[in-house]
Amino acid sequence: MKKIILLIISLTLLFTAACSPKQEIAEDKPAEPVTQVPDETPDPDNKAQGPVYRSIFNGKEISQDQKTYQAFGIIIENTSAARPQSALGLADIVYEIAVETYAYTRFLAVFASEHPTKVGPVRSSRIPFVRIAQEWNLPYAHYGSAKTGRGDALSLVESLNLPIRFDGHRGINDEFYSRDKSRKAPHNAYFNAEAALVKIPEQEYEKHFDFDESINIDEQDAVEISLRYSRINQVKYVYDEENRSYLRFINDEPMMDAYMNDQIRVTNIILLHAPHETAERAQYVLVDFIGEGKAEYFVNGKYEEGTWKKSSYDDKTEFYDGNGNPIVLLPGNTWIQVVHDKVGIDKAN
């Protein structure tokens, strides 16, 4: 009887299995696309927030709609009687060029982001500085001009169509100059840039440099640079790693800024090697800025040798690294040391 029951159960199971639908084998199908949720983690470098718009003068971030600047260039003296200068450390770009006999230099300081109330001491113009103002098409502030023979800077500046001129010696917009009675003339003329804003035009300028937090100047380390223009004009820069800038010294003393009451710091240093000559009895220094030549760069404690090129006095000077690429500077101020073959140059790493 048990065998009959077991047989019936077995037949029942076989019949049930035969009648059941066949089990389908699952095929490999492409996975459904997963919708990516934007990462809401804060981006400290602001890289994911779109392009960064930078000032063409110092590389600092500006708004997208800023296209014009109230910029100007001004001649600042550099003798012991003129030091400490006022507001020189606030300039976005500074050119240092030798004047009479090569012993002394003066500065052409370009201001666009700051307009201090006391800038100077302001001195007379020379031809190389006029050429730089011409390159930028800058409003130009100076206190007189050399006007003899090949050194005639006055005729040159009068022939150019610069936006505006502030000449304290010839009474051209001279209401923005004043004398500091605590100093002796001619080392005591100062310019009030804040007040002069009513006459400094807002205009667009051609970009001269690329700026970024990442630079392409990295050939070797260089934390100290010495420039001997003469026995009485010896410049030294010492790199401050914490602030990513160079502290400036003059004749082994900190070069101070009376307006800021602090030592002058420079983010980017460029050495522009160019032919120099002197003219007339006064030995006015003339510089040939046309053509190409050697350039040296000191940025972020790094050094690289490259080249500069300029096709005409109306064109900008272009700077290239050792591979022929346009240089990239750090956001901050830039000092361009125009040097000749008699300037002693040393660097240390």
Please work out if Leu154 is hydrophobic (A, V, I, L, M, F, W, C) and surrounded by fewer than 22 Cβ atoms within 10 Å (Cβ to Cβ).
yes
Within the range 208-240, of all residues that are touching a strand residue (DSSP E or B) at 6+ places or on another chain (Cβ under 9 Å), among the β-branched types (Val, Ile, Thr) and part of a loop (DSSP other than H, G, I, E, B), the one surrounded by the fewest Cβ atoms within 10 Å (Cβ to Cβ) is Val223
Between a residue in the range 46-64 that is among the small types (Gly, Ala, Ser) and any residue that is at pLDDT below 90 and part of a loop (DSSP other than H, G, I, E, B), which pairs come within a Cβ distance under 9 Å, given they are 6 or more apart or on different chains?
Ala48/Asp39
For the range 220-230, does any single residue satisfy the condition of being over 29 Å from Asp346 (Cα atoms), touching a helix residue (DSSP H, G or I) at 6+ places or on another chain (Cβ under 8 Å) and not acidic (Asp, Glu)?
no
Of a type outside the set (Lys, Arg) and surrounded by fewer than 17 Cβ atoms within 10 Å (Cβ to Cβ): does that describe Asn243?
yes
Could you list, in sequence order, all residues of the range 162-178 that are under 15 Å from Thr117 (Cβ atoms) and either surrounded by 15 or more Cβ atoms within 10 Å (Cβ to Cβ) or among the aromatic types (Phe, Trp, Tyr) (or both)?
Phe166, Phe176, Tyr177, Ser178
Among the residues of the range 280-301, is there at least one that is over 17 Å from Lys236 (Cα atoms), modelled with pLDDT under 95, of a type in the set (Gly, Ala, Ser) and surrounded by fewer than 17 Cβ atoms within 10 Å (Cβ to Cβ)?
yes
Looking at the range 179-207 only, could you name the residues that are part of a loop (DSSP other than H, G, I, E, B), under 17 Å from Leu138 (Cα atoms) and in contact with a Pro (Cβ under 7 Å, 6 or more places away or on another chain)?
Ile200, Pro201
Restricting the range 79-95 to residues that are outside any helix (DSSP H, G or I) and not hydrophobic (A, V, I, L, M, F, W, C), the residue that is surrounded by the most Cβ atoms within 10 Å (Cβ to Cβ):
Tyr95
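Yes/no per residue for (1) part of a loop (DSSP other than H, G, I, E, B); (2) at pLDDT 95 or above; (3) loosely packed, with under 10 Cβ neighbours inside 10 Å; (4) of a type in the set (Gly, Ala, Ser):
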| residue | (1), (2), (3), (4) |
| --- | --- |
| Pro21 | yes, no, yes, no |
| Val52 | yes, no, no, no |
| Ile97 | no, yes, no, no |
| Ser113 | yes, yes, no, yes |
Hey, can you tell me all the residues within the range 246-261 that are crowded, with 16+ Cβ neighbours inside 10 Å and part of a strand (DSSP E or B)?
Tyr246, Leu247, Arg248, Phe249, Ile250, Met256, Asp257
Please state which of the following conditions Lys184 fails to meet, knowing it meets all the rest: (1) closer than 22 Å to Trp308 by Cβ; (2) surrounded by fewer than 16 Cβ atoms within 10 Å (Cβ to Cβ); (3) in contact with a helix residue (DSSP H, G or I) (Cβ under 9 Å, 6 or more places away or on another chain).
(1)
Filter the range 54-78 down to the residues that are surrounded by fewer than 16 Cβ atoms within 10 Å (Cβ to Cβ) and among the polar types (S, T, N, Q) and list them by number.
Ser63, Gln64, Gln66, Thr68
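The values are calculated or read from the model by the stated rules, or taken from the named source; none is laboratory data. Everything quoted here is computed from the prediction, not taken from an experiment. In this analysis, Cβ positions are derived from the backbone assuming ideal geometry, glycine residues included, and neighbour counts consider all displayed protein chains.
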